[in-house]
1. Choose one of ILE105, ASN81, ASN53: the residue whose Cα lies farthest towards the positive end of the charge dipole of the chain (beta-carbon charges +1 Lys, Arg; -1 Asp, Glu; about the Cα centre).
2. For the chain, what does -39500 (n - 2.57) per DSSP helix run (n ≥ 4), summed and divided by total residues, give at 222 nm, in deg cm²/dmol to the nearest 500?
3. Eight or more residues apart or on different chains, and alpha-carbon atoms under 30 Å: count the Lys pairs in the chain matching that.
4. Report the per residue volume, in Å³, of the convex hull enclosing the C-alpha atoms of the chain.
5. Against the longest alpha carbon principal axis of the chain, how many degrees, from 0 to 90 and to the nearest 10, is the axis of helix 16-111 turned?
Amino acid sequence: MENMNDIVSLLLSSGGTVVMAVLFIIFLFYDRKDRKEKETQDKEERKLEREANNKILNELSASNRNIAESLNLLKTSIDTNNTEFRQHDERAIKEFSHIKEDLIILKERGEK
C-alpha cells in the first residue's frame, strides 16, 4: 500500500509531463503493434491477390492457345474447301468443254 502511495505521490509531484510521456509511449507501442499486424495482413492479401491473378492469367493463356488452335483448324478447313472447289471448277470446265465439243459435232451433223 505504501508503494502505491509512493507511486501516486511521485506522479502527482512530477505532474502531467510524466503521465503524458507514459501515455505517449503506450500509444506508440500499440500503434506500432497494430501497424505490424496490418502490414502482415496486407502482405497476405497481396499474396492471395497475386495468386488469383496468376491463376486467371494461366487460364487466359490456355484459352488463347485453344483459340489459336481452333483458328488454325478453321484455316486448314477453309484451305481444303478452296482446293476442293478449285478442283471441282477445273473438272466442270473440262466436262463443259467436252459437252461443247459434242454440241458442235451434233450441230454440224444437223446442218448436213
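Throughout, read-outs are computed from the coordinates displayed, never taken from laboratory work. Here the structure is a predicted model, which means the values were calculated and not measured. Every residue, glycine as well, gets a Cβ built from its backbone with ideal geometry; the counts of neighbours run over all protein chains shown.
1. So the residue furthest toward the plus end is ILE105.
2. The per-residue figure over the chain is -36500 deg cm²/dmol.
3. So the count of such lysine pairs works out to 12.
4. Cα-based convex hull of the chain, divided per residue, equals 135 Å³.
5. Value to nearest ten degrees: 0.
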